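Here the structure comes first, spelled out in structure tokens, and everything after it is commentary.
The values are calculated or read from the model by the stated rules, or taken from the named source; none is laboratory data. Just so you know, these numbers come straight off a predicted model, no measurement behind them. Quick reminder, even Gly has a Cβ in these numbers, built from the backbone with ideal geometry, and neighbours come from all protein chains shown. Keep in mind that these areas ignore ligands, DNA and RNA; they rest on the heavy atoms of the full protein, side chains included. Shrake-Rupley method; radii C 1.70, N 1.55, O 1.52, S 1.80 Å.
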Amino acid sequence: AGGEAGDLASRALAALAVAGETEQIESNADEFLDALVSYRPSGEGEFARTAETAAALLNAGSSDVAAGVVGPALEALAGSPEFCSGFARPLASTSNELRWSDAEALRAGSAAWATALAGAPESDLPTLFGATNSLGLSLSPDLLTPAVERLADQWAANPQLGVQSRSWYAADQVQMAVAVKVATALERGDDRQSQALLRGDWSMLTAKADSP
């Protein structure tokens, strides 16, 4: 929906942001966002371009406009979670965080991204949880639980994944979920997890448990 006009608005905003034309962006923001409000990217290329526009706007200091670009894309990703990785990658490269001035847009975006995470390809989840930090969303533990459980299953099967966890959104929630899974496996006498524990593969979890 909103295809050609939305895509053109996204490309124009990206060009202005890269050129540092923040005054032009702010003075024409309403017109650009009107074109984008009904734009639903489809396909990996369109989602990636939308994210590149948002990242350029963030780097140019136009966070409110970037949020207006990201919001509709998040809602589209809820129905097309297979494209999450292409969308998240450009945003993961920026150290800036989205600021949402519209509380309803923040609520809708948070719910949509949680839905997208819950359905995203499992192999993408470590990257997606890292990229989530730049989205400035309000993701309650309940909203995140389905995605957290899927990521925790991955980590429980591959302890080395824990190295990446320091950069994840809701890292503490994921760690707790993994700890429960590992403890349950150990109680069942799972030999693979016992060996992993003896090798020190779960030292991060035991250190967390021992800390005050």
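All conditions but one from (1) open to solvent by 10 Å² or more (accessible area, probe 1.4 Å); (2) under 11 Å from the mean Cα position of the chain (by Cα); (3) under 23 Å from Val180 (Cβ atoms) apply to Leu117; the one that does not is (1).
Look at segment 61-75: where a residue is more than 11 Å from Ala108 (Cβ to Cβ) and a partner is of a type in the set (Lys, Arg), sitting 6+ places away or on another chain with Cβ atoms under 9 Å, you get Ser63/Arg99; Asp64/Arg99; Ala66/Arg99; Ala67/Arg99; Ala73/Arg40.
Inclusion of Thr184 among residues that are out of contact with any Phe, Trp or Tyr (no Cβ under 7 Å at 6 or more places or on another chain), at pLDDT 95 or above and either of a type outside the set (Ser, Thr, Tyr) or surrounded by fewer than 21 Cβ atoms within 10 Å (Cβ to Cβ) (or both) is warranted. Can we say Ser167 is modelled with pLDDT under 90, under 24 Å from Ala111 (Cα atoms) and of a type in the set (Gly, Ala, Ser)? Judged against the criteria, Ser167 is a match. State which residue is most open to solvent (accessible area, probe 1.4 Å) when the search covers only segment 9-51 and only residues that are within 21 Å of Ala92 (Cβ to Cβ) and of a type in the set (Val, Ile, Thr). Among them, the one singled out is Val18. The set of residues in segment 140-158 being crowded, with 20+ Cβ neighbours inside 10 Å and under 14 Å from the mean Cα position of the chain (by Cα) consists of Leu144, Ala147, Val148, Leu151. Filtering segment 73-97 to residues that are buried (at least 23 other Cβ atoms within 10 Å of the Cβ) and either touching a Lys or Arg at 6+ places or on another chain (Cβ under 6 Å) or not in a helix (DSSP H, G or I) (or both) leaves nothing.
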